[in-house]
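Here is the structure we will look at, set down as structure tokens.
The values are calculated or read from the model by the stated rules, or taken from the named source; none is laboratory data. The structure presented is a predicted model; accordingly, all values stated were derived computationally and were not measured. Cβ: placed from backbone, ideal geometry, glycine included. Neighbour counts: every protein chain shown. Areas reflect the complete protein model, heavy atoms only, side chains present, ligands, DNA and RNA absent. Shrake-Rupley method; radii C 1.70, N 1.55, O 1.52, S 1.80 Å.
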Amino acid sequence: MKSDRLLSILLLLQTRSRVTAGELAERLEVSVRTVHRDVEALSAAGVPVYAERGRRGGIALLPGFRTDVSGLTAPEAQALFVLASGGAHGALGLDGALGSALRKVMAALPAPHRPAAEQMSRRIIVEAERWRSGPRADADLGVLKGALFGDRRLLLGYRHGGGREAEYTADPYALVAKAGVWYLVADVAGEPRLFRADRVLWAQELDEPVRRRPGQDPVAVWEELRGQVERRPEGVRVHVRVRASKAALFTRIVGPFLEEPPEPEAGAEWCGAVLAYPEARAARQLLQFGADVRVSAPHSAREVIAEGAAELAALYGPQGGGGGAPEER
């Protein structure tokens, strides 16, 4: 509708000092000629909008002009309240600001739209965590966020998935929340890197300006890293049964690979768990638990365990060369 388009142009011009007709046309999915007609309509309605020609030209509002825009449609208002169901605001310390902003939006809504907006926030629930994803350390985003918006470098202590710890000097581009997990998108020595925020052991904002690669857009860097992750082999989900008395020890040792941790029930001797390994061969890690862990699936992981057990039996069994008593002479 033309009225929605005019409102969108006005909102864009209020948040940007100058916007080209081409950019407006692309955002609104109309022709440049239509944008010029809409700008003329805004001017005729008393909005102090003007166009500047030339390479640095564009469409702008007179400095200092503001308007109270409360012409949200019912679907637009509902969309805002669905947004409030996510958990990203809390992690960034913005829960209070979000609540305040939504109260202001609610006050500005036409009265007929308010019940639908409230219903939307109560009846549409957005939960980022996967089912039985297990305990996950809270990510401390304070220092990461401060360096990101302050355009400063970061010194990070980081624990990799296999348990190895390392130290990095990082140049941050963005913080990304994906499936309930926060990631830091950054450069390390001029190369793009992805850090899980809950694996950051400590972080220090350095008194040095950030050194991002020229011309790099944060979204483009994230897309590049996401593509690298998605092109990796999918890995293997290994289903096991763990003796309940060993569940705590099992969790501590294989923690980086746990997808669904063991949850012992009262009186039960065994409990289930799921591990995510990069390949089936990595399941050899489970041999250290002996008969206290039983692999039930997949078949490839069972074969790996069987092969490993056979090798140990051959090495340390009665006929092997590593176990028996020394021969008497």
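Key figures for this structure:
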quantity: Share of carbon and sulfur in the accessible heavy-atom surface of segment 233-275 [1.4 Å probe, %]; calculated: 50 percent
quantity: Peptides 186-194, 262-270, 236-244 ordered by average Cβ neighbours within 10 Å, highest first; calculated: 236-244, 186-194, 262-270
quantity: Kirkwood-Stokes translational diffusion coefficient of segment 238-300, alpha-carbon pairs, 4 °C, 1.567 mPa s, µm²/s; calculated: 112 µm²/s
quantity: Radius of gyration, Dmax [segment 266-305; alpha carbons; angstrom]; calculated: 11.0, 34
quantity: Local electrostatic count, E208, Cβ distance below 14 Å [Lys/Arg +1, Asp/Glu -1]; calculated: -1
quantity: Once the Cα gyration tensor of segment 189-329 is diagonalised, semi-axes √(5λ) in Å; calculated: 42, 21, 17
quantity: Inter-label distance for Q285 and A179, nm, one decimal - labels placed 7 Å from Cα along Cα-to-Cβ; calculated: 1.7 nm
quantity: 3J(HN,Hα) from dihedral phi, segment 214-231, Karplus parametrisation 6.51/-1.76/1.60, rounded to Hz, x for glycine, proline; calculated: x, x, 8, 8, x, 5, 5, 5, 4, 4, 5, 5, 4, x, 4, 5, 5, 7
quantity: FRET E, pair H299, S8, Förster distance 45 Å, beta-carbon r, rounded to 0.05; calculated: 0.20
quantity: Calculated FRET value between D151 and E224, using beta carbons and R₀ = 25 Å, to 0.05; calculated: 0.75
